[in-house]
Amino acid sequence: MALPTAEALFDTFFAPWHPPEEHEDGNVWLRPDFEEIELPPGTHIRVLDRLTPEGRAAAGARVAGMERAAREDWPALLGVSGEPGPAWLEAFDRWATEERVAEMLKTARPEQSANPILVLACEAGALTGGLLLRAHPGMQWLVDWPYWNSAVFDLNTRTRLHVFAWAVRRFAAGGAETPLLARYETALKLLRGG
């Protein structure tokens with residue numbers, strides 16, 4: 001079974017969970033890997049935030065919950081231990097073979113929020129984002145709703161990293177060619193000016 005494109009995977013497993021008005025506005029699409037944001041000097045990043053304080057709290061709680069879920073699920077799933085780090089991403093990349101992803105796609109039910117594609121992609125995105133925040137102080141979550149549209153944001157470079165989109169792409173056709181660990185390392189290099 002050939003894996004779907006990242007866009008098709010997003011349309012099947014993520015887009016149906018977006019509110020109907022976002023479909024009407026054309027706001028339901030797979031985010032790019034990263035964006036450089038134009039922010040005039042002195043502008044607060046809150047201008048990039050479209051959520052209410054309650055919505056921000058709810059989205060932040062979901063992102064944190066998915067990172068906790070990865071910490072709980074991945075040791076048994078991937079055979080990792082200790083504090084999460086780049087080795088966890090490497091283990092995830094080894095585990096997520098095309099054959100394994102194809103098998104998951106055969107049984108995953110897009111209408112169920114607990115389907116393994118959505119859950120594992122969200123766990124991978126949240127964990128990757130958490131690792132970036134710990135490795136590069138000064139970054140922060142810029143949460144959005146649905147929570148998989150949240151991104152890690154670096155104010156110094158004004159770069160928004162769509163880590164959940166990285167995870168969706170990892171499960172799609174060609175995903176093994178750009179593993180999560182490589183994306184993580186490339187992002188850190190970019191943020192550190194290397």
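The values are calculated or read from the model by the stated rules, or taken from the named source; none is laboratory data. All values derive from a computational prediction rather than experimental measurement. Cβ coordinates were reconstructed from backbone atoms using ideal geometry, including for glycine residues, and neighbour counts include every protein chain displayed.
Residues that are more than 18 Å from G125 (Cα to Cα), among the charged types (D, E, K, R) and not in a helix (DSSP H, G or I) were ranked within the range 11-42; the one that is modelled with the lowest pLDDT is E38.
Out of the residues in the range 175-193 that are at pLDDT 95 or above and under 25 Å from W17 (Cβ atoms), state the one that is surrounded by the most Cβ atoms within 10 Å (Cβ to Cβ). So the residue we want is L180.
Among the residues of the range 96-114, those identified as of a type outside the set (A, V, I, L, M), assigned to a helix (DSSP H, G or I) and out of contact with any Leu (no Cβ under 7 Å at 6 or more places or on another chain) are E99, R100, E103, K106, T107.
Restricting the first member to the range 88-108 and to residues that are buried (at least 18 other Cβ atoms within 10 Å of the Cβ), and the second to residues that are basic (K, R), the beta-carbon pairs closer than 7 Å and six or more apart or on different chains are A96/R170. Among the residues of the range 128-146, the ones that are in contact with a Lys or Arg (Cβ under 8 Å, 6 or more places away or on another chain), farther than 20 Å from L51 by Cα and not in a helix (DSSP H, G or I) come to 1 in all. Filter the range 147-173 for residues that are outside any strand (DSSP E or B), small (G, A, S) and in contact (Cβ under 8 Å) with a residue 60 or more places away in the chain and give the result. Within the range 147-173, S150, A165, A172, A173 qualify. Remark: E72 falls outside the filter, which requires a residue to be exposed (fewer than 15 other Cβ atoms within 10 Å of the Cβ), modelled with pLDDT of 95 or more, of a type in the set (D, E) and under 20 Å from G174 (Cα atoms).
So, R169, is that one under 17 Å from F34 (Cβ atoms), among the basic types (K, R) and within 13 Å of the chain's Cα centre (by Cα) or not? Yes: the conditions hold for R169.
In the range 127-139, is there at least one residue being closer than 27 Å to A2 by Cα, exposed (fewer than 14 other Cβ atoms within 10 Å of the Cβ) and either in contact with a strand residue (DSSP E or B) (Cβ under 8 Å, 6 or more places away or on another chain) or not β-branched (V, I, T) (or both)? Checked against the condition, which is being closer than 27 Å to A2 by Cα, exposed (fewer than 14 other Cβ atoms within 10 Å of the Cβ) and either in contact with a strand residue (DSSP E or B) (Cβ under 8 Å, 6 or more places away or on another chain) or not β-branched (V, I, T) (or both), the range 127-139 yields no hits at all.
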